[in-house]
1. Residues being under 23 Å from SER158 (Cα atoms), in contact (Cβ under 8 Å) with a residue 12 or more places away in the chain and of a type outside the set (A, V, I, L, M): count how many of those fall in the stretch 102-128.
2. Name, by its number, the condition in (1) at pLDDT 95 or above; (2) surrounded by 16 or more Cβ atoms within 10 Å (Cβ to Cβ); (3) assigned to a helix (DSSP H, G or I); (4) not aromatic (Phe, Trp, Tyr) that does not hold for THR18.
3. Which fully enclosed strands (runs of 3 or more DSSP E) of the stretch 77-172 have 3 or more residues being in contact with a Lys or Arg (Cβ under 7 Å, 6 or more places away or on another chain) and over 23 Å from ILE46 (Cβ atoms)?
4. Could you tell me which numbered condition PHE177 fails, if it satisfies all but one of (1) surrounded by fewer than 17 Cβ atoms within 10 Å (Cβ to Cβ); (2) touching a helix residue (DSSP H, G or I) at 6+ places or on another chain (Cβ under 7 Å); (3) among the hydrophobic types (A, V, I, L, M, F, W, C)?
5. Return the pair list, or none, for Cβ contacts closer than 6 Å from residues in the stretch 63-86 that are closer than 15 Å to GLY9 by Cβ to residues that are part of a loop (DSSP other than H, G, I, E, B) and among the charged types (D, E, K, R), at least 6 apart or on different chains.
6. Could you please give the count of residues in the stretch 26-77 that are of a type outside the set (Asp, Glu), open to solvent by 10 Å² or more (accessible area, probe 1.4 Å) and on the phi > 0 side of the Ramachandran plot?
7. Looking at (1) over 14 Å from ILE110 (Cα atoms); (2) among the small types (Gly, Ala, Ser); (3) touching a strand residue (DSSP E or B) at 6+ places or on another chain (Cβ under 7 Å), which is the one condition that is false for SER222?
8. Exactly one of (1) surrounded by fewer than 16 Cβ atoms within 10 Å (Cβ to Cβ); (2) under 17 Å from the mean Cα position of the chain (by Cα) is unmet by SER218. Its number?
Amino acid sequence: MKGIILAAGKGTRLYPLTKAVPKVLLPVYDRPMIYFALEFMKKADISEVVIVVSKENRNIIEEALGDGSEFGLSIEYIVQEYVNGTAGAVIETIDFIKDQDILLYYADNILLDGGMNSTIKKCLENVANGVATLLTMAVDNPEKYGVIEVDEKANIKSIEEKPEYPKSNLISTGIYFFPNDLTKKLDGLELSIRGEYEMTDVVKKYLNEGRLKASKLSDNTSWYDAGNFDSLLEAGNKLKNEFR
C-alpha cells in the first residue's frame, strides 16, 4: 500500500495566516498540521508517500519535510498545476499509484487518539478483499459535510454532500482506503458542475459496485477538520491538555 496526502489547498478560510504559510504547516500546539497525516501513514505501515502540493507552496513544504527520512518515510512531491478538485489532485499521482492499494489522506484532518490500530487493521482487511473504505465520524452538524448512510454490516448505502436533511450523523472525514483498481476509477472521470473532479464521484463508483464500507472512528477519538480558526484552536488545546 502507498499513501497520498493532499496538501495543495489555499486555506482561504484561515486568511491572513495562510497568506504567508501553507495551511498544512500551521501549528497545532507543538507540531505542523501535516504531521498528523504522516503519523497516520506510519500507523498503517506505509513507507512510500506522495504529497500533492501547489506550485506556490512546494518549496516551503519540501523544505519542512524533506525526503521523509526523518519520519521513517520516503516522500515524493507532485504539483497540482490547476485548481480542478481533489480528484484532480489524485489524478496527478497516477504514475505513483500504478496498481497499488492506496491510503488517501486530506492533510487538514487532525486525529487525536491513543489507539486507532484496530480501526486501521479493519480498513486494511477490507481493502485486501477489494472493498474501498471511508473513515467516518459521528458529529452534531452533519449537514456541513458529506453524510454517510450505512446498513447493519457497515456497507455504505448512500453519500450526500451537505444535505439539508441528513440521513444520519455519520460523515466522511476525508481519509480513504482504496483497493488496487483506483486508477481505473479515475479514468474517464467527468468534471462536476463546479468545474472540478470530485472524489465523491470516484467513491460512488465503488458504491455502485457494492464495494464500499464505512469504518467509524471510536468515541474516544477526537477528529478535527482544521479548516477554520475555531477547530484549529480546539485541536491545539486538546493536544496540549490531554495528549501531551
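The values are calculated or read from the model by the stated rules, or taken from the named source; none is laboratory data. Since the model is a prediction, treat every value here as computed from it, not as a measurement. Neighbour counts run over all protein chains shown; Cβ positions are idealised from the backbone, glycine included. Each accessible area value is taken on the protein alone, full model and side chains, heavy atoms only, with ligands, DNA and RNA left out. Shrake-Rupley method; radii C 1.70, N 1.55, O 1.52, S 1.80 Å.
1. 7
2. Looking at each condition in turn, THR18 falls short on (1).
3. Per the criteria, 146-150, 156-161.
4. With respect to (1) surrounded by fewer than 17 Cβ atoms within 10 Å (Cβ to Cβ); (2) touching a helix residue (DSSP H, G or I) at 6+ places or on another chain (Cβ under 7 Å); (3) among the hydrophobic types (A, V, I, L, M, F, W, C), PHE177 is out only on (1).
5. ILE78/GLU92; VAL79/LYS55; GLN80/GLU92; ASN84/GLU196; GLY85/GLU196; GLY85/GLU198
6. 3
7. Result: SER222 passes all but (1).
8. (2)
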